[in-house]
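Quick note: the coordinates plus some simple rules give every number you see, no bench work behind them. Treat the numbers as computed from the prediction; the structure is a model and nothing was measured. Neighbour counts are summed over all protein chains in view; Cβ atoms, including those assigned to glycine, are modelled from backbone coordinates with ideal geometry.
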Amino acid sequence: MRKKMVAGNWKMNMTPSGAVKLAEELKPMVKNDDVDVVFCVPAIDIVPVVNEVKDTNIKVGAENMFYEEKGAYTGELSPEMLVDAGVSYVIIGHSERRQYFHETDEIINKKMRKAIEHKLLPILCCGESLEQRESGVTLEFIKKQIVNAFKYIPPEKVINCIIAYEPIWAIGTGRVATAEQAQEVCAAIRTNIRDIYGAVVAERIRILYGGSVNAGNANHIFSMPDIDGGLVGGASLKPEFAKIVHYDK
Ligand SMILES: O=C(CO)COP(=O)(O)O
């Protein structure tokens, strides 16, 4: 049985003081032993949020990291810095980073390998554009994203990674994929993983859905057999996030 996960992606929201307030408000509301709860927060908020949620069930994630160990990379954060600050997860390859910061599959693969080397758990994002969906290439495109992201990573490491399927057309638009649409793609991703890494990895790896998840649709989406929880944007900045964590109540 895979444990469900609900991860918030705060994106570029929340000043350090605002972040502490939000974490303080949410922490008593998101206790749920059946769900792994993660706050993925802006880099500047990591240290204060880690302090705020220590001794709770909440783990902290970063929204990005660089693939080099250290050195002359102005503005970047290394995996060692994240680990030392108390980070457990790192989002890699979000569509916003692919779009605005020109991250390629090759860069994403380097980040995946480096995160794993430092025992950070990657939340790998994949997802198609509206144009790709309408031209019928969704499954083929996502397979390519997955294959490229996991290149050179052995199955015993792949098993602990998290994949987030986030159709670009459903992010921040209020236009949520139907639970059936999300299930279809998440099942195809699991089949891809099975074909490459075998049944054990495929049964254990967690696949999340992201894109306009809210308190009203989480229960239906998370009840799909291949969907193990959600990566939540807008609704992760509000008390509504706690309702998503308690989706089945
Ligand atoms: O991009 C997302 C999470 O990573 C989804 O964002 P929204 O939940 O705001 O659509």
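Panel order for Lys54, Lys151, by other beta carbons found within 10 Å of each beta carbon, from fewest to most: Lys54, Lys151.
Highest mean first, the peptides 91-104, 220-233 sorted by other C-beta atoms within 10 Å per residue fall in the order 220-233, 91-104. Once each part is reduced to its C-alpha centroid, what is the distance from region 100-130 to region 196-231 in angstrom? Cα centres, region 100-130 to region 196-231: 18 Å. Annotation: amide H of Val90 within the under-5 Å range of Ala62, Leu121, Ile123, sequence separation 5 or more or interchain, hydrogens built in the peptide plane. Counting neighbouring Cβ atoms within 10 Å and putting the fewest first, the residues Ile153, Ile58, Ile44 line up as Ile44, Ile153, Ile58. Highest mean first, the peptides 237-248, 65-76 sorted by other C-beta atoms within 10 Å per residue fall in the order 237-248, 65-76. In the chain, taking the dipole from charged Cβ atoms about the Cα centre, the farthest positive-side position among Leu231, Ala199, Leu139 is held by Ala199.
The ranking of Met12, Met81, Met112, Met5 by Cβ neighbour count inside 10 Å, starting from the fewest, reads Met12, Met81, Met5, Met112. Charge dipole (Cα centre; +1 on Lys/Arg Cβ, -1 on Asp/Glu Cβ; no other charges) of the chain amounts to roughly 260 debye.
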